[in-house]
Amino acid sequence: MRESEAARWLLERDRFLILTHVRPDGDTLGCAAALCAALRQKGKTAWAAPNPGVTETYLGDIQPYFAPMDYAPEHIVAVDIATEGLFPDALAPYKGRVELCIDHHPSNSGYAQNTCLDASAAACGEIVYRICRDGLGTMDAEIARSVYLAISTDTGCFVYGNTTPTTHRIAAQVMEYGDFFREINRRCFQTKSRKRLELESRLLQSAHYYEEGRVVIGGVSLADMAQVGASEADSEELSSLLRQVEGVQAAATLRELAPDQWKLSLRTDVDYLNATDTCALLGGGGHAAAAGATVSGTDREGMERRVLEAIRTVLNGR
């Protein structure tokens, strides 16, 4: 489904509930907020489904759009969600009911009745921007702010390899609506808690290097989180740290979510190691340069072995 068709589909309906993914980031939350605001401006009723995983970093951006408990939607929309496996547990009742999915992940499983997919977009926010501006014919400071949140966070403030000239053009266009970008940039990219800095130190100390230093794998355990007294907000975007080490071409960050359950975040800087192909071997997916997976039933050492084996499988098959 093209963006113009997705906009027409939205205009022909009412009473929407918009879903965001588990451990929500700025892209999925920004898309939900922007789409809610745009639909409301067209006279529609639209809410975002409450997501218990939202951290303090983003709570103020999405909480005003959370649906009341007695809201009865007629149409379900998902934003930035590649598979139903990424639904938070609280949103499990909506599996099999999504009518429109707006996404930019090439690994999208096609679970929705209709899918508006642009795998070339750096962030789902780029697609939502065009749907709002061109398809729905509406754009203001409220929508622009949420779009900026979406695309800036999914590109690491426009430094990740997924950033394109289009990304910069959209950012410039939404920045015309206000100086909200200053607060967003400060909060999301220039401020770290002391606990976050301690987690970064532990992650670096845990790192093991392979393939002559081109591959690094590091992790943060539940024990690390407890000893530091860190929250989920403190651990956000830890995956961006190891990729900064000189000479590293692939950085795998492991986060223990529960005993013997790990979240893998893989970032690559070379075309010959596709992050999606690598994470797919572990049941995950994502983008060519950034992907992830959640793996259960293994300890820290076992998880590292499995990740390294997946990386080497893809490298040997190039």
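The values are calculated or read from the model by the stated rules, or taken from the named source; none is laboratory data. Worth saying up front: this structure is predicted, and the values here are computed from it rather than measured. All Cβ positions, even for glycine, are placed from backbone atoms using ideal geometry, and neighbour counts span all protein chains on display. These area figures cover heavy atoms from the full protein model, side chains too; ligands, DNA and RNA do not enter into them. Shrake-Rupley method; radii C 1.70, N 1.55, O 1.52, S 1.80 Å.
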Test each condition in (1) in a loop (DSSP other than H, G, I, E, B); (2) touching a Phe, Trp or Tyr at 6+ places or on another chain (Cβ under 6 Å) for His105 and report the one that comes out false.
-> (2)
Verdict on Val98 being in contact (Cβ under 8 Å) with a residue 40 or more places away in the chain, β-branched (Val, Ile, Thr) and in a loop (DSSP other than H, G, I, E, B) = yes
Take segment 61-107 and flag every residue that is β-branched (Val, Ile, Thr) and closer than 11 Å to Leu19 by Cα.
-> Ile76, Val77, Val79, Ile81, Val98, Ile102
When you go through Gln205, Gln261 one by one, which is the residue that is open to solvent by 30 Å² or more (accessible area, probe 1.4 Å), free of Cβ contacts under 8 Å to residues at least 60 places away in the same chain and either under 27 Å from Gly85 (Cα atoms) or of a type in the set (Phe, Trp, Tyr) (or both)?
-> Gln261
Log entry, pairs with first residue in segment 134-156 being of a type in the set (Val, Ile, Thr), second being not in a helix (DSSP H, G or I), beta carbons closer than 7 Å, six or more apart or on different chains, reads Thr138/Lys42; Ile151/Ala122; Ile151/Ala123; Thr153/Asp25; Thr155/Ala122; Thr155/Ala123; Thr155/Asn162; Thr155/Thr163
For segment 108-122, name all the residues that are closer than 21 Å to Gly85 by Cβ and open to solvent by less than 40 Å² (accessible area, probe 1.4 Å).
-> Asn108, Ala112, Thr115, Cys116
Subset of segment 123-151 [open to solvent by 30 Å² or more (accessible area, probe 1.4 Å) and within 20 Å of the chain's Cα centre (by Cα)] | Arg130, Arg145
Look at segment 94-107 and say how many of its residues are over 20 Å from Gly125 (Cβ atoms), open to solvent by 50 Å² or more (accessible area, probe 1.4 Å) and either at pLDDT below 95 or touching a strand residue (DSSP E or B) at 6+ places or on another chain (Cβ under 6 Å) (or both).
-> 1
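Per-residue answers, yes or no, for (1) closer than 22 Å to Ile62 by Cα; (2) in contact with a strand residue (DSSP E or B) (Cβ under 7 Å, 6 or more places away or on another chain); (3) open to solvent by less than 50 Å² (accessible area, probe 1.4 Å); (4) not hydroxyl-bearing (Ser, Thr, Tyr):
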| site | (1), (2), (3), (4) |
| --- | --- |
| Thr153 | yes, no, yes, no |
| Thr164 | no, no, yes, no |
| Tyr177 | yes, no, no, no |
| Phe180 | yes, no, yes, yes |
| Asn185 | yes, no, yes, yes |
What strands (runs of 3 or more DSSP E), lying completely within segment 1-92, carry at least 3 residues that are touching a residue at least 60 places away in the same chain (Cβ under 8 Å) and either open to solvent by less than 10 Å² (accessible area, probe 1.4 Å) or in contact with a His (Cβ under 9 Å, 6 or more places away or on another chain) (or both)?
-> 16-19, 75-79
In segment 181-277, which strands (runs of 3 or more DSSP E) lie fully inside it and hold 2 or more residues that are at positive phi?
-> none
For segment 212-241, what are the residues that are among the acidic types (Asp, Glu), in contact (Cβ under 8 Å) with a residue 40 or more places away in the chain and open to solvent by less than 60 Å² (accessible area, probe 1.4 Å)?
-> Asp234, Glu236
Within segment 7-35, considering residues that are of a type in the set (Asp, Glu) and over 11 Å from Cys124 (Cα atoms), the one nearest to the chain's Cα centre (by Cα) = Asp25
Across segment 243-258, which residue is farthest from Ser231 (Cα to Cα) among those that are of a type outside the set (A, V, I, L, M) and open to solvent by 10 Å² or more (accessible area, probe 1.4 Å)?
-> Gly247
Mind checking whether some residue in segment 51-60 is closer than 25 Å to Gly283 by Cα and among the aliphatic types (A, V, I, L, M)?
-> yes
